[in-house]
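**Student:** Take this structure first; my questions come after.
The values are calculated or read from the model by the stated rules, or taken from the named source; none is laboratory data. Owing to the predicted nature of the structure, the values given are computational and were not obtained by experimental measurement. In this analysis, Cβ positions are derived from the backbone assuming ideal geometry, glycine residues included, and neighbour counts consider all displayed protein chains.
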Amino acid sequence: MFLTLAGLLVLLAEPAPPQAVPDELLKKAAESDARLVRLYKEGAVTMSSRVEELDKEGKVQHTQEMVLRLSHQDGKPQGEVVRATKDGKDITAEERDKLAEQRARGGADGKSGPGKRGRMELSTPFGAEAQPKYAFRLLGPDARDASLVRVGFGPRGKKAEDIWTGEAVVDPGSGAVKWMKQRPSDLPAFVDRLEMVLEFGAATAEGSAISAIHMEGEGGLPFFKKRFRVVTRFSDYGPK
């Protein structure tokens with residue numbers, strides 16, 4: 001009797017297996033993602049970033065701030081430097097020159113520069129083209145709002161730098177993502193840690209859009225490791 005009871009207790013203590021995400025919810029999430037992508041591509045948004053370089057104890061060594069106005073032209077991301085500072089010194093002119101040089105080299109096509117950074121941060125695993133790369137699972141209701149559900153995600157197949165692992169809080173009625181935490185399933189070279197938290201608190205005509213991204217990481221060459229912390233906020237969604 002003791003062994004039987006003990007075995008029963010072990011079974012009761014085991015967590016329930018994760019549930020598959022209903023196809024209908026993934027369809028709604030893809031439709032919501034498509035609306036936001038259209039918002040980003042057809043309109044403009046202001047992106048304000050603060051990048052902090054930290055020492056081993058977590059103290060800030062250097063700080064760089066930049067405000068960009070992001071938009072698209074002829075299907076290509078465009079960035080306009082509104083202002084920029086480094087350790088309190090105004091470097092707006094320097095950053096504008098760098099952006100102009102990138103454009104002259106063809107960097108404004110999204111392969112480098114602010115355009116790439118903005119496009120990467122505004123993407124999610126729930127887009128119709130991205131979903132086949134991912135395995136999704138239901139993690140239960142959100143602790144702060146039981147009407148929302150938590151969805152875990154990770155690579156369906158091989159890990160990659162641009163395939164994420166994490167979880168999101170999703171509105172099952174609209175498919176809109178409300179919050180998301182993620183990390184690359186395969187870290188890029190010389191990166192030891194990279195984590196991102198995305199908040200979707202900006203109200204737009206297409207629904208809730210990304211309002212902030214918090215990113216922390218560490219990496220670099222041996223004996224030259226660096227830690228960094230980045231906070232990026234998105235505001236003033238509107239026409240170009």
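**Student:** May I ask you to verify whether S174 is touching a helix residue (DSSP H, G or I) at 6+ places or on another chain (Cβ under 8 Å), part of a loop (DSSP other than H, G, I, E, B) and touching a residue at least 12 places away in the same chain (Cβ under 8 Å)?
**Tutor:** When the stated conditions are applied, S174 passes them.
**Student:** Still on this structure: Do any strands (runs of 3 or more DSSP E) entirely within region 197-240 hold 1 or more residues that are in contact with an Asp or Glu (Cβ under 7 Å, 6 or more places away or on another chain), charged (D, E, K, R) and crowded, with 16+ Cβ neighbours inside 10 Å, and if so, which? Don't jump to the end; show me each part of the working.
**Tutor:** Numbers: elements: 202-204, 207-209, 212-219, 226-239.
Output list reads 212-219, 226-239.
**Student:** With the structure loaded, tell me whether G88 is at pLDDT 95 or above, out of contact with any His (no Cβ under 8 Å at 6 or more places or on another chain), on the phi > 0 side of the Ramachandran plot and surrounded by fewer than 18 Cβ atoms within 10 Å (Cβ to Cβ) or whether it fails that test. First the steps, then the outcome.
**Tutor:** Values: at pLDDT 95 or above: yes; out of contact with any His (no Cβ under 8 Å at 6 or more places or on another chain): yes; on the phi > 0 side of the Ramachandran plot: yes; surrounded by fewer than 18 Cβ atoms within 10 Å (Cβ to Cβ): yes.
Considered against the rule, which asks whether it is at pLDDT 95 or above, out of contact with any His (no Cβ under 8 Å at 6 or more places or on another chain), on the phi > 0 side of the Ramachandran plot and surrounded by fewer than 18 Cβ atoms within 10 Å (Cβ to Cβ), G88 comes out as yes.
Conditions (1) over 16 Å from the mean Cα position of the chain (by Cα); (2) over 29 Å from V81 (Cα atoms); (3) at pLDDT 95 or above; (4) aromatic (F, W, Y), marked per residue:
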{"site": "P22", "(1), (2), (3), (4)": "yes, yes, yes, no"}
{"site": "E31", "(1), (2), (3), (4)": "yes, yes, yes, no"}
{"site": "L36", "(1), (2), (3), (4)": "no, no, no, no"}
{"site": "Y40", "(1), (2), (3), (4)": "no, no, no, yes"}
{"site": "G43", "(1), (2), (3), (4)": "yes, no, no, no"}
{"site": "R50", "(1), (2), (3), (4)": "no, no, yes, no"}
{"site": "E57", "(1), (2), (3), (4)": "yes, yes, no, no"}
{"site": "H62", "(1), (2), (3), (4)": "yes, no, yes, no"}
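**Student:** Same structure again: Restricted to region 177-196, and to residues that are out of contact with any Pro (no Cβ under 6 Å at 6 or more places or on another chain) and part of a loop (DSSP other than H, G, I, E, B), which residue is surrounded by the most Cβ atoms within 10 Å (Cβ to Cβ)?
**Tutor:** L187
**Student:** Quickly run through region 159-173 and pick out the residues that are of a type outside the set (A, V, I, L, M) and at pLDDT 95 or above.
**Tutor:** K159, W164, T165, G166, E167, D171, P172, G173 - these are the residues of region 159-173 that are of a type outside the set (A, V, I, L, M) and at pLDDT 95 or above.
**Student:** Another one. In region 47-71, how many residues are among the charged types (D, E, K, R), in a strand (DSSP E or B) and within 15 Å of G217 (Cα to Cα)?
**Tutor:** Qualifying residue count, region 47-71: 3.
**Student:** Here's another thing I want to ask about it. Going by the conditions given, is S112 closer than 30 Å to F126 by Cα, among the hydroxyl-bearing types (S, T, Y) and modelled with pLDDT of 90 or more?
**Tutor:** The answer is no for S112.
**Student:** If you check every pair at least six apart or on different chains, which have Cβ atoms under 9 Å apart with a residue in region 136-147 that is in contact (Cβ under 8 Å) with a residue 40 or more places away in the chain first and a residue that is surrounded by fewer than 13 Cβ atoms within 10 Å (Cβ to Cβ) and not in a loop (DSSP other than H, G, I, E, B) second?
**Tutor:** R137/Q19; L138/Q19; L139/Q19
**Student:** So the check is Cβ under 9 Å with 6+ separation or different chains; which pairs have a first residue in region 9-28 that's within 18 Å of T124 (Cα to Cα) and a second one that's modelled with pLDDT of 65 or more and aromatic (F, W, Y)?
**Tutor:** Once the first residue is within 18 Å of T124 (Cα to Cα) and sits in region 9-28, its partners that are modelled with pLDDT of 65 or more and aromatic (F, W, Y) give V21/F136; V21/F153; L25/F136; L26/F126; L26/F136.
**Student:** All but one of (1) in contact with a His (Cβ under 8 Å, 6 or more places away or on another chain); (2) in contact (Cβ under 8 Å) with a residue 60 or more places away in the chain; (3) not small (G, A, S) hold for E206; which doesn't?
**Tutor:** (1)
**Student:** From the list A168, A160, which one is part of a loop (DSSP other than H, G, I, E, B), among the hydrophobic types (A, V, I, L, M, F, W, C) and in contact with a strand residue (DSSP E or B) (Cβ under 9 Å, 6 or more places away or on another chain)?
**Tutor:** The unique qualifying residue is A160.
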